[in-house]
Amino acid sequence: MMELQPLFADLLKYLGTSQFFWLSLTCVVFVLAEKLWLRSGKKGYLNPAVVSLVIVSIILLSVHESYENYKQATRPITFMLTISTVALAFPIFKQWERLRKHLLPIAVILLIGSLIASMSAYLLAALFSGDKGIMAVALIKSITTPIAMAVAEKIGASIPLVAVVVFVVGVIGGITAPLALRIAGINNAMLRGLVYGITAHGLGTAIAMQESEECGAFSGLAMGLTGIVTAIMVPVLIVTFNLL
């Protein structure tokens, strides 16, 4: 029994820290935002990820809390994000037979899509800004957060800026992709999943999972492979064409 006392003491000490507060606040805000989203009939502009971002950002700015402290406090969430990304392999495995039949066209779509996503953003950043930091972020803005942050560290891009830009890109893609697919009349689950994964990565995959397991599986595949292709392609482009 005496051996448990230090553990309880450490736990109580942690519960009284600001790190526990920010972790708890983030979780509570997201749960409440999700309830609001569900009650609204899943309105796009009330996406829980967007609402949570706005609320937590306002609170952080109001109390002058640093991003580094908040990032440290929410590391468990970042860790779980990585695990959830890996867990997407299971629905992909279940769709393996269909995936195998369309492997070549899917590979071509992902390769071309990754290249266009990176270079179009880079050219816009170079045209309107010319700032190398922003140009570096533009190259990796279309891949899921864990991979984007790892690539950002290697190429010298701002990790906080990458995290924000990747999230915003995901939110915009998550809002506009369903609308664009509806206008285009695309109902095929595989094609819808590929679009979600390429344009809106993690958030898009969450939306795809709500549509069907098949759609979510192909979205997860697109998200993962786009991240891998971009992670390999970006350093090669930087070295070959001296982009930064």
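The values are calculated or read from the model by the stated rules, or taken from the named source; none is laboratory data. Values in this document were obtained by computation on a predicted structure and should not be read as measured data. Please note: Cβ atoms are built from the backbone with ideal geometry, for glycine as well, and neighbour counts cover all protein chains shown. Calculation scope for accessible area: heavy atoms of the full protein, side chains included, ligands and nucleic acids excluded. Shrake-Rupley method; radii C 1.70, N 1.55, O 1.52, S 1.80 Å.
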For this session: Compute the acute angle (0 to 90°) between the alpha-carbon long axis of helix 145-155 and the principal axis of greatest extent of the alpha-carbon atoms of the chain; round to the nearest 10°.
Result: 80
Exercise. Leaving out same-chain residues fewer than 8 places away, which lysines sit with a Cα under 24 Å from that of K35?
Worked result: K43
Exercise. Which value, in Å² and to the nearest 10, is the accessible area of F79 when all protein chains are kept and the probe is 1.4 Å?
Worked result: 130
Seminar exercise, completed: In degrees rounded to 10, the 0-90 angle between helix 213-241 Cα long axis and the longest Cα principal axis of the chain is 80
Exercise. If V51, V86 are ordered by their accessible area, calculated over protein heavy atoms with a 1.4 Å probe, which sequence runs from highest to lowest?
Worked result: V86, V51
Seminar exercise, completed: Output row, site R75, 7 Å Cα→C-beta label point, backbone N cut-off 18 Å, window segment 150-166, residues 150, 153, 159-160
Problem set entry | Selected from N69, V169, A180, residue furthest toward positive end of dipole (segment 53-189; charges at beta carbon) | A180
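Take I55, I238, I106, I228 and sort them by solvent-accessible surface of the protein heavy atoms, 1.4 Å probe, largest at the top.
Numbers: I55 65, I238 30, I106 5, I228 95 Å².
Putting I55, I238, I106, I228 in descending order of accessible area: I228, I55, I238, I106.
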Exercise. Spin-label point model (7 Å from Cα, Cβ direction): what's the V239 to V108 distance in nm?
Worked result: 2.9
For this session: Give me the accessible area of S129, 1.4 Å probe, in Å² rounded to the nearest 10.
Result: 60
Exercise. Rounded to the nearest 10 Å², what accessible area does M119 show when all protein chains are kept and the probe is 1.4 Å?
Worked result: 50
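Going from most exposed to least, what order do T240, T226 have by accessible area with a 1.4 Å probe? Walk me through the numbers on the way to the answer.
On the way: T240 90, T226 5 Å².
Descending order: T240, T226.
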Exercise. Which is the longest stretch in the chain that no exposed loop site breaks, taking sites as GluC sites (Glu not before Pro) with a DSSP loop state and at most 16 other Cβ atoms within 10 Å?
Worked result: 66-244
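Over segment 97-156, what percent of the accessible surface lies on carbon and sulfur atoms, probe 1.4 Å? It would help to have the intermediate numbers written out before the result.
Numbers: 2290 of 3280 Å².
C and S fraction of accessible area: 70 percent.
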Exercise. So what is the accessible area of segment 127-237 per residue, in Å², with the probe set to 1.4 Å?
Worked result: 42
Exercise. How far is helix 159-184 tilted off the main Cα axis of the chain, in degrees rounded to 10, range 0 to 90?
Worked result: 50
